[in-house]
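Quick notes on the structure that follows.
The values are calculated or read from the model by the stated rules, or taken from the named source; none is laboratory data. All of these numbers come straight from a predicted model, not from anything done at the bench. Glycine gets a Cβ as well: all are built from the backbone with ideal geometry, and neighbour counts include every protein chain shown. Keep in mind that these areas ignore ligands, DNA and RNA; they rest on the heavy atoms of the full protein, side chains included. Shrake-Rupley method; radii C 1.70, N 1.55, O 1.52, S 1.80 Å.
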Amino acid sequence: MSIKRIIWAAAALMAVTTSAQAQDLKGAALLAELKKGGYIIYFRHFETGADFADQVTAKIEDCWTQRQVNGAGFRDARRIGKFIYTQKIPVGRVVASPFCRTWESANMAF
């Protein structure tokens, strides 16, 4: 999936908008609106692969007991972060769950 398709898909999940019309924006119009700031954009963690599942006794403080972001997931996170940075989309507070795959995704992207 291309980075533009990923960012548009993520942007489509905006939780807060300033107007009803903003919810219908796509493409360049959506990007222009995001550059103004004031939106919440949220992502699920990036790709983890199916080769490793959370252990029954998963511990928040031990990443090795949890499903982890794989190489493709890290590359996607970096690409999205670079896209947001180069497009000058303002980023304020970044919040992630304590699971390693989520804070690692956030750390790589932002």
In the range 68-79, which residues are open to solvent by 80 Å² or more (accessible area, probe 1.4 Å) and either part of a loop (DSSP other than H, G, I, E, B) or free of Cβ contacts under 8 Å to residues at least 60 places away in the same chain (or both)?
Arg75, Arg78
Which pairs do you get when a residue that is at positive phi, found in the range 35-58, comes within reach of a residue that is at pLDDT below 80, reach meaning Cβ atoms under 8 angstrom, with the pair 6+ apart or on two chains?
Gly38/Val16; Gly38/Thr18
Might you let me know whether the range 13-25 holds any residue that is open to solvent by 50 Å² or more (accessible area, probe 1.4 Å), at pLDDT 85 or above, out of contact with any helix residue (DSSP H, G or I) (no Cβ under 8 Å at 6 or more places or on another chain) and of a type in the set (D, E, K, R)?
no
Across the range 80-110, which residue is farthest from Val69 (Cα to Cα) among those that are free of Cβ contacts under 8 Å to residues at least 12 places away in the same chain and in contact with a Ser or Thr (Cβ under 9 Å, 6 or more places away or on another chain)?
Ala96
Could we say that Val56 is out of contact with any Gly (no Cβ under 6 Å at 6 or more places or on another chain), part of a loop (DSSP other than H, G, I, E, B) and either at pLDDT 80 or above or open to solvent by less than 60 Å² (accessible area, probe 1.4 Å) (or both) here?
no
Check off (1) outside any loop (DSSP other than H, G, I, E, B); (2) at pLDDT 80 or above for Thr48 and give me the number that stays unchecked.
(1)
